[in-house]
Amino acid sequence: MFPPYLYLKISMPYETLLTSLKEGTFTITINRPDKMNALNKKVIEELSAAVDEVYQNNEIRCAIITGAGPKAFVAGADITEFSSLDLNGGIALACTNQEIVFNKIENCPKPVVAAVNGFALGGGCELAMACHFRLASENAKFGQPEVNLGLIPGYGGTQRLTQLVGKGKAMELMMTAHMIDANEAKQLGLVNHVTATESLLAQTENILEIIKTKGPRAVGKIIAAVNACFDKSKDGFEEEIKLFGECFGTDEMKEGVSAFLEKRKPQFK
Ligand code: COA
């Protein structure tokens, strides 16, 4: 563990999230362990505000999203909030939540990584998939079990699962509601690394430490260019040309190239 002075509490008080900032890495822990960290309205609102912090706070270089307790990352949307919804309520729920949390995470110009520490079901799997990449502990389990409730994924799951694992496997996983373990998730490309449960956060932080030594604007442009591959309103190759060109106007690129030519490490701001 790190000594306490390296932790800096973020000002925003949250009821359902724990947050900490350590050397530029903002960790957001969804904190409803007695309800398997299910995403109720309050969690969604607070996640949206926490992601806004990632966008706006210059002290934050990158973020980790994880779940509190030993069992769950997030076991889905809070099912108790579903019974009162009708057609319009369902559309509004999916539309709002996709916009204020899931798409906002995906398009965040700073890396947001999921550290999946247990069940990642339904909206929990969708939350992990909205992050830029995922690490999982050995006890993690992934699934889209909405069909058990007569539902389909509504927070981007039909799209992002298909992007990550391919059409056939995504269809099977969603139609059967079959849960997969961390190793199968890795084989399918849903997670990048599987770690021992106790080292999940440290391993996630290690990868982010490497990313933090790179040019932050270039990292943001990688996120935008890769996302363009899945955005039907954009030509990804054209987007790459534009973003590549923009790099040439930055101090960051001047510093990176000068450092290489002067045989020293770059100092990115
Ligand atoms: N929404 C609301 N509450 C949930 C929840 C969800 N998605 N997932 C779990 N909970 C609650 C349970 O109702 C239970 O509450 P209680 O103690 O007041 O009864 C508590 O969390 C613990 O869950 P429990 O089912 O007792 O734990 P378990 O270890 O036996 O099973 C799961 C864990 C994750 C397999 C099981 O909770 C589950 O299947 N959850 C629903 C998953 C789902 O369908 N997600 C998609 C929603 S669209």
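The values are calculated or read from the model by the stated rules, or taken from the named source; none is laboratory data. Here the structure is a predicted model, which means the values were calculated and not measured. Ideal geometry is used to build each Cβ from the backbone, glycine not excepted, and the neighbour counts take in all protein chains shown.
If the condition is being within 18 Å of the chain's Cα centre (by Cα), closer than 20 Å to Ile152 by Cβ and part of a loop (DSSP other than H, G, I, E, B), then the stretch 59-114 contributes Ala75, Gly76. Taking the conditions (1) in contact with a Cys (Cβ under 8 Å, 6 or more places away or on another chain); (2) under 28 Å from Arg217 (Cβ atoms); (3) hydrophobic (A, V, I, L, M, F, W, C) in turn, Phe142 satisfies each one other than (2). Contact map, the stretch 153-177: first residue farther than 16 Å from Gly124 by Cβ, second residue polar (S, T, N, Q) and at pLDDT 95 or above, Cβ cut-off under 7 Å, separation 6 or more or different chains; pairs are Ala170/Thr162. Looking at the stretch 138-231, the helices (runs of 4 or more DSSP H) lying wholly inside it that each contain 1 or more residues that are at pLDDT 95 or above, within 13 Å of the ligand (Cβ to nearest atom) and surrounded by 13 or more Cβ atoms within 10 Å (Cβ to Cβ) sit at 157-165, 167-176.
When the residues of the stretch 128-137 are filtered to those that are in a strand (DSSP E or B) and touching a helix residue (DSSP H, G or I) at 6+ places or on another chain (Cβ under 6 Å), the one that is farthest from the ligand (Cβ to nearest atom) is Leu135. Considering Cys125, Cys95, the condition of being more than 14 Å from the ligand (Cβ to nearest atom) and either surrounded by 24 or more Cβ atoms within 10 Å (Cβ to Cβ) or without any contact (Cβ under 8 Å) to a residue 12 or more places away in the chain (or both) is satisfied by Cys95 alone.
Considering only residues that are aliphatic (A, V, I, L, M) and modelled with pLDDT of 95 or more, look in the stretch 239-253 and name the one that is farthest from Lys221 (Cα to Cα). The extreme case among them is Ile241.
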